[in-house]
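Heads up, the thing below is written out as C-alpha cells.
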Ligand SMILES: [Zn+2]
C-alpha cells in the first residue's frame, strides 16, 4: 500500500483520534489519562506483533521493527503530549476540550502544540506496521513534561533510547527547522522594609527597588547584542508579585519574572551577569524558575539536513524553505544535552500555540504523516 492510499483510507480515523486526544486534558505532570488512552489505542488498533511499546512514567516509547528492535535506533521522532493550561475559557469560540472539527480545522487546547504531531506519529506508526516496516530501527516518543520547562520527559526518554538522529515534531507549518533559540525564566526578588503607608519615609518600598530592573528590561533595546543566525536575544517580564502586611503598609518584597530567549553562545553566566549589570549594590536574590535550555543550530551541510530536504522534495514536490524557531523545544535536550543531531518538523502553525482558539488544519496532519513515513522509508545515507 502506498502512503497516499493509506491516508485516504484512514482520514476519518485520523480526525477521530486527534479529536479524542484533544478531549483528554493533559496538562504537564497530569498526562496519565492520555497515556492510558494512547496505550489502549496502540494495543487494540495496531498490530502489536509489529512494534514494541515501552512506558516510562508518563512517556510512551514505540520501537520498530519488532523483529530487529533495539534501544540503539537510527532516528527518534518526538512529540510531547502535555499542553499549557486554558485560562480564558470564555474567549474560545468552541470549548477548548471539545476537539471540534469545523470545515477543515480541529479546534482545542493542544491542537497545534502538539497533539496534531502526536496523531501524525501514531498514524505513521500504524502505516509502518501495515507495510511490514523492516528498515533501520527507529523510535517514536510521546513525551510528558515539555510545557513545564523541566526537560523531564525527553530526558527520561533519552536515558532509555539511543538515537543517532532526532526529529522534534512541533508546529512548523510543515517546514524543516534546523535550530532554535534557548530559554530561561528567572525570578529576581527585591527586599524592602515595611512601614505604615502613611509614613512611607520610615520604610523602603520593595516595588520601588524593583523599578530600575523593570525600566531596564522595558527600555534596553537588544542593539548591544551581536546579530546571530538566530537574530538577537529577546527578553520580557511575564509576572510581578509583591508581599505586604496589608494594603496600607509598604511592601517588603517584590519579585519580577523575566523570560529570556537566548541565541547561540549565551550561557547561564552571561545572561545572569547581563540582567544584574547596573543593579550592583541592591539587595537582590536571583532564582532560576527552571533549568537553562541552550540555543542550537544544525550545520547547513549536515547530512541529516540534506536527507530531510531530499525527503521533503520527494514528499511535497517542491523546494524546501527551512526555518528557525523563535521558541524552545525538546531539541535543546536532544541536540545540546545529548549531542544528537536534531531537526524539527511538524503540522500546524507555531503562532497558534498557547493561544485561545488554538486549531490545526487537518490537511497539515495528513501531510505530516506522509513526510514522517517517507523519512522512515528513505534513511539511506543516515
Ligand atoms: Zn508549547
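Quick note: the coordinates plus some simple rules give every number you see, no bench work behind them. Being a predicted model, the structure only gives us computed values, none of them experimental. In this analysis, Cβ positions are derived from the backbone assuming ideal geometry, glycine residues included, and neighbour counts consider all displayed protein chains.
Looking only at segment 216-229, which residues are touching a strand residue (DSSP E or B) at 6+ places or on another chain (Cβ under 6 Å) and either farther than 20 Å from residue 188 by Cα or loosely packed, with under 13 Cβ neighbours inside 10 Å (or both)? Working first, answer last.
Of the residues in segment 216-229, the ones touching a strand residue (DSSP E or B) at 6+ places or on another chain (Cβ under 6 Å) are 217, 229.
If the condition is that a residue be touching a strand residue (DSSP E or B) at 6+ places or on another chain (Cβ under 6 Å) and either farther than 20 Å from residue 188 by Cα or loosely packed, with under 13 Cβ neighbours inside 10 Å (or both), then 229 is the only one that fits.
Listed residues 275, 307; which is in contact with a strand residue (DSSP E or B) (Cβ under 7 Å, 6 or more places away or on another chain) and in a helix (DSSP H, G or I)?
275
Does segment 235-249 hold any residues that are surrounded by 12 or more Cβ atoms within 10 Å (Cβ to Cβ) and out of contact with any helix residue (DSSP H, G or I) (no Cβ under 7 Å at 6 or more places or on another chain), and which are they?
Within segment 235-249, 239, 240, 241, 243, 244, 245, 249 qualify.
With 348, 344, 331 as the choices, which residue is surrounded by 21 or more Cβ atoms within 10 Å (Cβ to Cβ), within 14 Å of the chain's Cα centre (by Cα) and at positive phi?
348
Can you find even one residue in segment 124-137 that is under 24 Å from residue 23 (Cα atoms), buried (at least 21 other Cβ atoms within 10 Å of the Cβ) and within 16 Å of the ligand (Cβ to nearest atom)?
Among the residues of segment 124-137, not one is under 24 Å from residue 23 (Cα atoms), buried (at least 21 other Cβ atoms within 10 Å of the Cβ) and within 16 Å of the ligand (Cβ to nearest atom), which makes the answer no.
Do you know which residues across segment 87-111 are within 16 Å of the ligand (Cβ to nearest atom), part of a loop (DSSP other than H, G, I, E, B) and in contact (Cβ under 8 Å) with a residue 60 or more places away in the chain?
Matches in segment 87-111: 96, 108, 109, 110.
Sort out which residues of segment 166-193 are in a strand (DSSP E or B) and closer than 10 Å to residue 343 by Cα, and write them in order of number.
If the condition is that a residue be in a strand (DSSP E or B) and closer than 10 Å to residue 343 by Cα, then 166, 167, 168, 177, 178, 179, 180 are the ones that fit.
Regarding residue 325, is this residue buried (at least 20 other Cβ atoms within 10 Å of the Cβ), more than 30 Å from residue 134 (Cα to Cα) and either within 16 Å of the ligand (Cβ to nearest atom) or more than 17 Å from the chain's Cα centre (by Cα) (or both)?
Values: buried (at least 20 other Cβ atoms within 10 Å of the Cβ): yes; more than 30 Å from residue 134 (Cα to Cα): yes; either within 16 Å of the ligand (Cβ to nearest atom) or more than 17 Å from the chain's Cα centre (by Cα) (or both): yes.
Criteria met by residue 325.
Could you check segment 181-215 and list, in sequence order, the residues that are surrounded by 13 or more Cβ atoms within 10 Å (Cβ to Cβ) and farther than 19 Å from residue 285 by Cα?
Within segment 181-215, 181, 182, 183, 195, 196, 197, 200, 203 qualify.
Identify all residues within segment 14-26 that are in contact with a strand residue (DSSP E or B) (Cβ under 7 Å, 6 or more places away or on another chain) and either over 23 Å from residue 362 (Cα atoms) or assigned to a loop (DSSP other than H, G, I, E, B) (or both); write none if there are none.
26
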